[in-house]
Amino acid sequence: IVLEEDTSLPAATRIKLSNKTVELGDEAKKGARVKVYGRIHRLRVQKHATFITLKDGYGFLQCVLAAGPLTKTYDALTFAQETAIVVYGEMKKLPAGTNAPDSRELHVDYYKVIGAAPSDAEAITNKVSKDQDAWEAQMLDARHLVLRGENASAVMKLRQYVELAFIDTYREMEITKVSPPAMVQTQVEGGSTLFKYDYYGEEAYLTQSSQLYLETAIQSMGDVYCIEKSFRAEKSLTRRHLSEYTHIEGELDFITFDDLLSHIEELICSVVDKVLANPTAAGYIKLLNPGFEKPSRPFMRMKYGDAIEWLGKQDPPILNEEGNLHVFGDDIAEAAERKMTDQIGRPILLTHFPTEIKAFYMQKDPSDPRVTESVDVLMPGVGEIVGGSMRMWDHTELIEAYKKNDIPHEPYFWYTDARKYGTSPHGGYGLGLERFLAWMAGQHSVRTCCMYPRFMGRCKP
Ligand code: 4AD
């Protein structure tokens with residue numbers, strides 16, 4: 001059978017499934033005749049009709065092909081998941097009591113297959129391996145196909161709305177977007193996670209953070225932010241570490257540490273509000289993380305020193321990586337941090353980390369020089385999503401800090417100059433977009449929060 005379009009029907013208007021204004025037919029009236037380009041997401045062949053759930057990247061639509069000429073073509077007999085197709089027909093109200101992704105369905109009168117997929121439905125595999133690691137690797141190898149799934153693509157779409165909410169918030173806050181380089185010759189967060197490469201015969205790195213560059217922009221551009229990739233040669237495989245991640249960084253001039261903390265809290269809450277206020281984005285959250293609730297304010301503020309005590313006071317105490325009680329000066333490692341965050345169950349601004357365990361550029365607390373004016377934001381389920389601090393703004397102190405940290409100061413001449421020409425108290429932070437998204441979308445790992453995750457051992461597809 002070869003299908004022919006019935007030319008006596010009204011001409012079909014092309015729509016995307018985001019368009020909800022299409023006239024729907026019912027017993028009383030005819031609906032609009034439309035055509036939709038998309039792919040077969042699900043296929044159900046029944047005696048009286050074939051049901052296609054069509055996806056076009058904008059939504060899902062149930063399409064009904066009445067048994068007969070429409071279902072007897074070679075194409076129809078070889079319909080498969082992911083077959084690219086254009087369907088024509090009348091849009092109708094979904095009959096009461098039926099279940100479909102939308103409140104409407106398309107009564108197909110004509111279609112054309114554009115790109116067939118193998119009718120072996122296993123092409124996009126759901127074969128579940130018993131070995132969790134093997135299964136994960138398999139999903140990552142097939143990431144290009146996994147992205148076609150409803151959940152994986154919902155995370156990616158939500159990611160866009162989250163990013164837009166940051167951009168909107170920054171615009172409202174009058175913070176200017178800048179775009180620092182990714183190819184650099186200075187480190188920010190320690191030599192052990194630098195990706196080195198050959199830059200025309202010189203040693204260079206992929207940037208770990210744009211912070212130092214942002215610090216050179218505030219003098220003429222006011223408060224600034226950037227959304228750029230950062231790179232870390234992390235040598236451990238955890239569910240929150242990537243080798244390449246999207247880093248949202250802000251830098252604010254003429255502020256106090258308290259201003260910085262308030263700003264970070266305001267930023268996070270504004271982004272959450274904006275995402276939830278957008279019906280499409282809120283729909284993705286409902287699908288991915290139905291229990292999500294916006295955090296109550298003010299966030300809990302806790303000093304590092306008090307956190308160390310808190311860890312020891314739990315029953316049983318939460319121990320450090322060596323299995324001992326935490327003492328002042330210890331890093332609070334990922335496992336302990338997560339236990340603490342999950343137990344407290346709300347966002348925490350953890351502040352005043354000891355100088356020894358923090359980066360060279362951090363301003364010391366004037367009332368206690370053992371600690372820095374630094375902050376990590378910890379979220380239940382994920383742990384640290386933000387790291388920030390006030391910056392050392394005294395020239396001499398900064399030169400000393402390079403020495404103390406064995407960092408040659410020459411490559412930092414441009415950074416140091418900010419302390420020479422009109423220095424000021426300023427501070428900023430970096431937020432990992434994938435971690436933020438993992439929190440909002442209820443993802444177990446940051447790996448499902450990027451399109452193609454990069455981590456130790458994985459650089460493809
Ligand atoms: O705490 P970090 O290392 O801070 C900085 O890079 C500062 N220079 C930022 C600044 O002040 N402008 O990183 C900041 C955030 C972390 O809280 C985390 O969310 C994210 O970046 N991050 C990572 N995300 C995924 N994979 C990794 N390997 C990450 N390392 C840091």
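The values are calculated or read from the model by the stated rules, or taken from the named source; none is laboratory data. Computed from a prediction, not measured in an experiment: that's the story for all the values here. Ideal geometry is used to build each Cβ from the backbone, glycine not excepted, and the neighbour counts take in all protein chains shown.
Is it the case that region 320-334 has a residue that's over 24 Å from the mean Cα position of the chain (by Cα) and within 15 Å of the ligand (Cβ to nearest atom)? Checking region 320-334: at least one residue is over 24 Å from the mean Cα position of the chain (by Cα) and within 15 Å of the ligand (Cβ to nearest atom).
Exactly one residue out of ALA165, ALA134 is part of a helix (DSSP H, G or I) and within 21 Å of the chain's Cα centre (by Cα): that is ALA165.
Within region 440-461, residues that are farther than 22 Å from LYS274 by Cα and basic (Lys, Arg) have Cβ atoms under 9 Å from residues that are at pLDDT below 95 and not in a helix (DSSP H, G or I) in these pairs: ARG447/ARG239, counting only partners at least 6 apart in sequence or on another chain. Of the residues screened, GLY291 is not one that is within 16 Å of the ligand (Cβ to nearest atom), assigned by TED's automatic domain parsing to the domain that holds PRO425 and not hydrophobic (A, V, I, L, M, F, W, C). Is it fair to say GLN46 is of a type in the set (S, T, N, Q), crowded, with 18+ Cβ neighbours inside 10 Å and either touching a strand residue (DSSP E or B) at 6+ places or on another chain (Cβ under 7 Å) or not assigned by TED's automatic domain parsing to the domain that holds TYR284 (or both)? No; evaluated as a whole, the condition is false for this residue.
Pick out, from region 246-320, the helices (runs of 4 or more DSSP H) lying fully within it that include 3 or more residues that are in contact with a strand residue (DSSP E or B) (Cβ under 6 Å, 6 or more places away or on another chain) and not β-branched (Val, Ile, Thr). Working first, answer last.
On the way: elements: 257-277, 279-288, 304-313.
Helices (runs of 4 or more DSSP H) meeting the threshold: 257-277.
If you go through region 103-147 and keep only what is surrounded by fewer than 16 Cβ atoms within 10 Å (Cβ to Cβ), at pLDDT 95 or above and closer than 30 Å to LEU24 by Cβ, you end up with LYS112, ILE114, GLY115. Scanning region 162-207 for residues that are surrounded by fewer than 11 Cβ atoms within 10 Å (Cβ to Cβ) and at pLDDT below 95 turns up just one, SER192.
Restricting region 374-423 to residues that are surrounded by 17 or more Cβ atoms within 10 Å (Cβ to Cβ) and among the acidic types (Asp, Glu), the residue that is nearest to the ligand (Cβ to nearest atom) is GLU384. When ARG454 is evaluated against the numbered criteria (1) near the ligand (Cβ under 10 Å from one of its atoms); (2) farther than 24 Å from PHE257 by Cβ; (3) assigned by TED's automatic domain parsing to the domain that holds PHE195; (4) among the charged types (D, E, K, R), which criterion, by number, is the only one it fails? In the conditions (1) near the ligand (Cβ under 10 Å from one of its atoms); (2) farther than 24 Å from PHE257 by Cβ; (3) assigned by TED's automatic domain parsing to the domain that holds PHE195; (4) among the charged types (D, E, K, R), ARG454 misses (3) alone.
Among the residues making up region 208-238, those that are within 14 Å of LEU433 (Cα to Cα) and either aromatic (Phe, Trp, Tyr) or more than 7 Å from the ligand (Cβ to nearest atom) (or both) are TYR225, CYS226, ILE227, GLU228, LYS229, PHE231.
Do you know which of the residues in region 348-373 that are in contact (Cβ under 8 Å) with a residue 60 or more places away in the chain and within 13 Å of the ligand (Cβ to nearest atom) is surrounded by the most Cβ atoms within 10 Å (Cβ to Cβ)? Residue satisfying both the conditions and the ranking: GLU373.
Being more than 14 Å from the ligand (Cβ to nearest atom) and under 24 Å from THR238 (Cα atoms) is a property that GLY345 has.
Hey, which of the strands (runs of 3 or more DSSP E) in region 362-422, taking only ones fully inside, have at least 1 residues that are of a type in the set (A, V, I, L, M, F, W, C) and more than 18 Å from HIS263 (Cα to Cα)?
Values: elements: 368-372, 374-379, 383-390.
Ranges flagged: 368-372.
Can you list the strands (runs of 3 or more DSSP E) found entirely within region 16-98 that contain at least 3 residues being not hydrophobic (A, V, I, L, M, F, W, C)?
In region 16-98, the matching strands (runs of 3 or more DSSP E) lie at 33-45, 49-55, 84-93.
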